Amino acid sequence: MEHKKLIQAALEARIFSYSPYSGFAVGAALLCEDGSVYTGCNIENAAFTPTNCAERTAFFKAVSEGKRRFKAVAIVGGPAEKEPETLCSPCGVCRQVMMEFCCPQDFLVILGRADLSFEEYRLCELLPLGFAGDGVKKSGEDKPV
């Protein structure tokens, strides 16, 4: 799938953003290795901590339906009442979620605008030395997972 189609899907997902507190609407479109696309929007909460970003919404939807292999994510965001004109990069929590499910060398993060222009980055550029769980041990095991 070409980047502009993925950005368009993210723009369409952004319409459903629930962002009454920040007024900052974000949409994401996640491209799975099999070609399927999962979208997400940010969903805010008055308590702030339970807020979920668009990127994580897309990932969690995909993972909850059995997807585990991903190629790219497109992200668009900006003031809710305007078309996104600037780039919106993923927060640190979203970058860590991406690290959990993606090959850092290959996974693309596409930051888009309403005019479908974009910049692309590899996840390892956005999260250098990210924690990939290499040292995490399963209960009862002596070696890392």
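Here is the figure for the range 41-99: residues that are touching a Pro at 6+ places or on another chain (Cβ under 8 Å) and not aliphatic (A, V, I, L, M) total 5.
For residues that are out of contact with any strand residue (DSSP E or B) (no Cβ under 6 Å at 6 or more places or on another chain) and outside any strand (DSSP E or B), tally how many sit in the range 64-85. Going through the range 64-85 one residue at a time, the tally reaches 9. Pairs please, first residue from the range 1-15 and within 14 Å of Thr57 (Cβ to Cβ), second anywhere and at pLDDT 95 or above and assigned to a helix (DSSP H, G or I), Cβ atoms under 8 Å, 6+ apart in sequence or on different chains. Taking only residues 6 or more apart or on different chains, the pairs are Ala10/Ala54; Ala13/Ala54; Ala13/Ala58; Arg14/Ala54.
Exactly one residue among Ala9, Ala74, Ala58 is buried (at least 19 other Cβ atoms within 10 Å of the Cβ) and in contact with a helix residue (DSSP H, G or I) (Cβ under 6 Å, 6 or more places away or on another chain), and that residue is Ala74. Residue pairs whose Cβ atoms lie under 6 Å apart, sitting 6 or more positions apart in sequence or on different chains, and linking a residue in the range 87-114 that is closer than 16 Å to Gly40 by Cβ to a partner that is at pLDDT below 95 and surrounded by fewer than 22 Cβ atoms within 10 Å (Cβ to Cβ), are Arg95/Leu126; Arg95/Leu127; Val109/Leu126.
Say whether the condition of being over 15 Å from the mean Cα position of the chain (by Cα), among the polar types (S, T, N, Q) and modelled with pLDDT under 95 is met by at least one residue in the range 15-32. Give the derivation first.
Start the filter on the range 15-32 by keeping residues that are over 15 Å from the mean Cα position of the chain (by Cα), which leaves 15-16, 18-24.
Add one more test, that the residue is among the polar types (S, T, N, Q), and what stays is 19, 22.
From what is left, the residues that are modelled with pLDDT under 95 are none.
No, every residue in the range 15-32 fails to be over 15 Å from the mean Cα position of the chain (by Cα), among the polar types (S, T, N, Q) and modelled with pLDDT under 95.
Of the residues that sit in the range 87-121 and are surrounded by 15 or more Cβ atoms within 10 Å (Cβ to Cβ) and in a helix (DSSP H, G or I), which one is modelled with the lowest pLDDT? So the residue we want is Phe101.
Restricting to the range 21-63, what's the tally of residues that are in contact (Cβ under 8 Å) with a residue 40 or more places away in the chain and either in a helix (DSSP H, G or I) or small (Gly, Ala, Ser) (or both)?
Counting residues in the range 21-63 that are in contact (Cβ under 8 Å) with a residue 40 or more places away in the chain and either in a helix (DSSP H, G or I) or small (Gly, Ala, Ser) (or both) gives 10.
Take the conditions of a type outside the set (Gly, Ala, Ser) and crowded, with 17+ Cβ neighbours inside 10 Å and apply them to Pro84. Does it pass? Give the steps one after another, and end with the answer.
On the way: of a type outside the set (Gly, Ala, Ser): yes; crowded, with 17+ Cβ neighbours inside 10 Å: yes.
Yes.
The values are calculated or read from the model by the stated rules, or taken from the named source; none is laboratory data. A quick note: this is a predicted structure, and the numbers were derived from the prediction, not measured. Note that each Cβ is placed from the backbone with ideal geometry, even for glycine, and that neighbours are counted across all protein chains shown.
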